[in-house]
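Data first, discussion second: the structure below is written as structure tokens.
The values are calculated or read from the model by the stated rules, or taken from the named source; none is laboratory data. Worth saying up front: this structure is predicted, and the values here are computed from it rather than measured. Every residue, glycine among them, receives a Cβ derived from its backbone with ideal geometry; neighbour counts consider all protein chains shown. Note: accessible area is taken over every heavy atom of the protein model, side chains too, but ligands, DNA and RNA are not part of it. Shrake-Rupley method; radii C 1.70, N 1.55, O 1.52, S 1.80 Å.
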Number of protein chains: 2
Amino acid sequence: MSRTLIALLREGLPAEAVLTDPDVTSAYSHDMASFCEAGTPAVVVLPRTVEQVQHVMRTATELRVPVVPQGARTGLSGAANAGEGWVVLSLVKMDRILEISPVDRIAVVEPGVVNAVLSRAVGEHGLYYPPDPSSWEMCTIGGNIGTASGGLCCVKYGVTAEYVLGLDVVLADGRLMSTGRRTAKGVAGYDLTRLFVGSEGSLGIVVRAVLALRPKPPQQLVLAAEFASTKAACDAVCKIMEGGHVPSLLELMDRTTVKAVNALAHMGLPETTEALLLAAFDTPDPVSDLAAVGALCEAAGATQVVPAEDAAESELLLQARRLSLTALEAVKGTTMIDDVCVPRSKLAEMLDGVERVAEKYGLTIGVCAHAGDGNTHPTVCFDAADPDEARRARDSFDEIMALGLELGGTITGEHGVGVLKKEWLAREIGPVGVEMQRAVKAAFDPHSLLNPGKLF
Amino acid sequence: MSRTLIALLREGLPAEAVLTDPDVTSAYSHDMASFCEAGTPAVVVLPRTVEQVQHVMRTATELRVPVVPQGARTGLSGAANAGEGWVVLSLVKMDRILEISPVDRIAVVEPGVVNAVLSRAVGEHGLYYPPDPSSWEMCTIGGNIGTASGGLCCVKYGVTAEYVLGLDVVLADGRLMSTGRRTAKGVAGYDLTRLFVGSEGSLGIVVRAVLALRPKPPQQLVLAAEFASTKAACDAVCKIMEGGHVPSLLELMDRTTVKAVNALAHMGLPETTEALLLAAFDTPDPVSDLAAVGALCEAAGATQVVPAEDAAESELLLQARRLSLTALEAVKGTTMIDDVCVPRSKLAEMLDGVERVAEKYGLTIGVCAHAGDGNTHPTVCFDAADPDEARRARDSFDEIMALGLELGGTITGEHGVGVLKKEWLAREIGPVGVEMQRAVKAAFDPHSLLNPGKLF
């Protein structure tokens, strides 16, 4: 069977695009999530053209072999994990930027383009592609679309979904479908484009995307504010948003995270603070916007408010924030990164609850958060070699999701469901929701060959 | 059958919520589109609660009677038209604003809330609900969601879809499903929320919506620029967008439209101009933004550039634009309003083509356009009592859509497909696209009872 599969794949793919050496293919078995099952794929294919992708899907359908599409495998939910004997369809070789139009403010790209490569390329035209997940130097646009990823920019600029105008998709049976548009507006039929965004490769293979761009904003200026409690920092967040401000970034790091970042990178961040809030503006007059926000921070009890003097200082503060997850991973070797998003009015309750969970399970849980969006990343630090601690880590991870749902939030603001949160998706959307999600899946993938077992 | 239907409906609805008098129900048979078939409904129901909507759908499913949901019936594609013997499910009595939260920047509303009522209510909290279709004083949020409507604001603020975070939906069989979220971000499963936006009531009945709001921007200031050709005006549009400007409005009216507005409302607009461009900014410094845009207009050949002196003058210019469709209707009694959206780089070619079509068919076709989005409304003016002219109107309407598709555009930027553009949807999205749209429909509505025969 596996031999037939590989022989058939080779009929439509060049030799170097079909990898079967287990030492090589095993590297493609999973993404960056902890605690997610993964199997060894039968084969990894690296197509360079739409026709080659169609050939892969036709072959997979003919032989009824499951396929998982992959980008850079930087995902955090196991959505890109292979099953035993599956085909891994890696899109990283389809990495051309096909078009950048400053008048139409769009880019047309293949799925394997790295986010940072696109960002820099459009920047040269005075344009801006906002979505900026932490992995932006590695992750691909196809992966960003598959997982509907977010980043630091979302509080002002929204998530990946808002930048995908149209897609070319290879369906399970190998047929090619175009969705959406390359125009600024369009409502011709059901919005299948958006359906594919965040579908984790379970409905079709994205082979081309039309992305919306914005004019490049002015360089943002950052302010750091220290608080003696996370509650005070969250109050500041609410006051800032209630006050009608539109920061380009509004991030929170708790003390555990600040200490971890200092330990990793000697950044000299203030370790006495319970919560460090970073706010930024990319407006015409960021100094006065930061002054207004600084005053709101002080009114909410900030012990110190330090605006960055210039772009270099701003960049340093952002670097500290971007290092957070890596730094927390260094604490005990392994992390489980929650991704609960709550209404921002519930942010203080959420962080308070996370602290209680950490105490209850005797664990270190650092929190960094896209505070302006209410999107928290409580990060459980543990020693994977200690079975009891690993069990407690898993339990606390779940308890944090339960808390998020209680507060009217969602189990995932930007990392997706994958394997990691399947049970939790069902809890969030309920049995009718799951049934309709499954019905949509069946409409696109009647033999359940596209990344089966993910999401639900 | 009809008697059984009405008796069963009355079991779960108060007497005044079930209308059967044909003189009354016939008023509910269609929306504002021309040339769209419509039948007389068997009954009009006006539920006030979710439970009543569920009762209607359970009854309809039991008896296999089609249902069309309706708001204010201001749609322009026949999407709200009834079929003979159908149930009209009018949501206008479910018109409560349930919540407005300045911290979370959301509103929770029932579907029958009128757009302008919501806009004013959130305005009192310093908030802004951008989508502003021309019918905003009449149309309902439920209708806006069903048709994915746009408006003048879209060039900066996007369309209705971008403001719908979560929905409660009654499915065809009467079950209640919640989609989406009330948080700023969320990627838990397929984006069914977005699937319902623009689905023209064909997938389920929206009974509650969580809407995203923005902080209220400063009052916008408008500039008018006159051009001796539509091409020059379109060049200005391209230069403005290419230059990285973010106007809150960028509208075009051709000479036919300007004259029609003057004839209707004696606005004193300049009739010698071939194209009048309106640009606006709601930025902190609109005067300097307008100056920059004014200079670009002049460079593109504007014969006159007149910035409004104040808010009152700005409002007058907007009124002229908002009157366009009504004014064009007055020209010969009836209009067919196209809604073709092209990449803005193709706007000049589009308008040029429309002129050729008007000449070819010997018709008056006025064009107003959301120029910044490339979204044109070529409006065919004709005498419906003249069969030959009516036929030419219909043919020219189609030819304009063909031109839009040729230029890489879409047949509908914001008015939807409904009955009017069914054949054209198929041309735009192709057979695979139609098949997958139908598969999605079947997943939600296996007996095809929800507004059947619309879209495809």
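For the reader, a short list of remarks on this structure follows.
So that you can scan it fast, the table gives a plain yes or no per residue for (1) facing chain A (nearest Cβ under 9 Å); (2) in contact with a Ser or Thr (Cβ under 9 Å, 6 or more places away or on another chain):
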position	(1), (2)
B:Gly158	yes, no
B:Gly174	no, yes
B:Val187	yes, yes
B:Val197	yes, yes
B:Arg208	no, yes
B:Pro215	yes, no
B:Pro218	no, yes
B:Thr230	no, no
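Every residue, every condition in (1) within 26 Å of A:Arg344 (Cα to Cα); (2) within 16 Å of the chain's Cα centre (by Cα), yes or no:
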{"site": "B:Val117", "(1), (2)": "yes, no"}
{"site": "B:Arg120", "(1), (2)": "yes, no"}
{"site": "B:Leu152", "(1), (2)": "no, yes"}
{"site": "B:Leu176", "(1), (2)": "no, no"}
{"site": "B:Gly201", "(1), (2)": "no, yes"}
{"site": "B:Leu211", "(1), (2)": "yes, no"}
{"site": "B:Lys216", "(1), (2)": "yes, no"}
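- Filter result (closer than 22 Å to B:Arg105 by Cβ, open to solvent by 10 Å² or more (accessible area, probe 1.4 Å), of a type in the set (Val, Ile, Thr) and within 14 Å of another protein chain (Cβ to nearest Cβ)) within region B:115-155: B:Val155
- Residue within region B:21-32 that is crowded, with 16+ Cβ neighbours inside 10 Å and either in the same structural domain as B:Gly204 (by TED's automatic domain parsing) or not in a loop (DSSP other than H, G, I, E, B) (or both) present: yes
- Condition check for A:Asp173: open to solvent by 30 Å² or more (accessible area, probe 1.4 Å), closer than 25 Å to B:Val246 by Cβ and among the acidic types (Asp, Glu): no
- Count of region B:39-66 residues which are open to solvent by 10 Å² or more (accessible area, probe 1.4 Å), touching a residue at least 60 places away in the same chain (Cβ under 8 Å) and assigned to a loop (DSSP other than H, G, I, E, B): 2
- Considering region A:437-452, the residues that are in a helix (DSSP H, G or I) and under 15 Å from A:Asp173 (Cβ atoms) include one that is nearest to the other protein chains (Cβ to nearest Cβ), namely A:Ala443.
- Search result, residues across region B:289-304 that are more than 14 Å from chain A (Cβ to nearest Cβ), in contact with a Phe, Trp or Tyr (Cβ under 7 Å, 6 or more places away or on another chain) and open to solvent by less than 60 Å² (accessible area, probe 1.4 Å): B:Leu290, B:Gly301, B:Ala302
- Residue that is most open to solvent (accessible area, probe 1.4 Å), among those in region A:239-255 that are more than 24 Å from the chain's Cα centre (by Cα) and in contact (Cβ under 8 Å) with a residue 12 or more places away in the chain: A:Lys239
- Of all residues in region A:346-390, those being within 14 Å of chain B (Cβ to nearest Cβ) and surrounded by fewer than 22 Cβ atoms within 10 Å (Cβ to Cβ) number 2.
- Cβ-Cβ contacts under 8 Å between residues 6 or more apart (or on different chains), taken from a first residue in region A:319-334 that is buried (at least 20 other Cβ atoms within 10 Å of the Cβ) to a second residue that is of a type in the set (D, E, K, R), are listed as A:Arg321/A:Glu251.
- With respect to the conditions (1) within 16 Å of B:Pro69 (Cα to Cα); (2) facing chain A (nearest Cβ under 10 Å); (3) open to solvent by 40 Å² or more (accessible area, probe 1.4 Å), B:Val92 falls short on a single one, namely (2).
- Residues of region B:420-434 satisfying the condition of being facing another protein chain (nearest Cβ under 9 Å) and open to solvent by 20 Å² or more (accessible area, probe 1.4 Å): B:Glu428, B:Ile429, B:Val432
- Filtering region A:406-419 for residues that are closer than 21 Å to B:Asp104 by Cα, without any contact (Cβ under 8 Å) to a residue 24 or more places away in the chain and within 14 Å of chain B (Cβ to nearest Cβ) leaves a non-empty set.
- Number of positions in region B:407-418 that are crowded, with 24+ Cβ neighbours inside 10 Å, hydrophobic (A, V, I, L, M, F, W, C) and more than 12 Å from B:Ile337 (Cα to Cα): 1
- Residue list for region A:256-288, filter: open to solvent by 40 Å² or more (accessible area, probe 1.4 Å) and under 30 Å from B:Pro217 (Cα atoms): A:Pro284, A:Asp285, A:Val287, A:Ser288
- Qualifying positions in region A:185-211 - touching a residue at least 60 places away in the same chain (Cβ under 8 Å), closer than 23 Å to B:Gly158 by Cα and of a type in the set (A, V, I, L, M, F, W, C): A:Leu195, A:Ala209, A:Val210, A:Leu211
- Of all the residues in region B:216-238, those that are within 30 Å of B:Val103 (Cα to Cα) and open to solvent by 50 Å² or more (accessible area, probe 1.4 Å) number 3.
- Checking each residue in region B:67-89 for being open to solvent by 20 Å² or more (accessible area, probe 1.4 Å) and not β-branched (Val, Ile, Thr) picks out B:Pro69, B:Ala72, B:Arg73, B:Gly75, B:Leu76, B:Glu84, B:Gly85, B:Trp86.
- Taken over region A:76-101, the criterion of being in a loop (DSSP other than H, G, I, E, B) and without any contact (Cβ under 8 Å) to a residue 60 or more places away in the chain is satisfied by A:Ala82, A:Glu84, A:Trp86, A:Val92, A:Asp95, A:Arg96.
- Condition broken by B:Val164, with the remaining ones in (1) within 12 Å of chain A (Cβ to nearest Cβ); (2) in contact with a strand residue (DSSP E or B) (Cβ under 9 Å, 6 or more places away or on another chain); (3) closer than 23 Å to B:Ala79 by Cα; (4) open to solvent by less than 10 Å² (accessible area, probe 1.4 Å) satisfied: (4)
- Residue under evaluation A:Ser178, criteria (1) more than 23 Å from A:Gln54 (Cα to Cα); (2) open to solvent by 10 Å² or more (accessible area, probe 1.4 Å); (3) within 11 Å of another protein chain (Cβ to nearest Cβ), criterion not met: (1)
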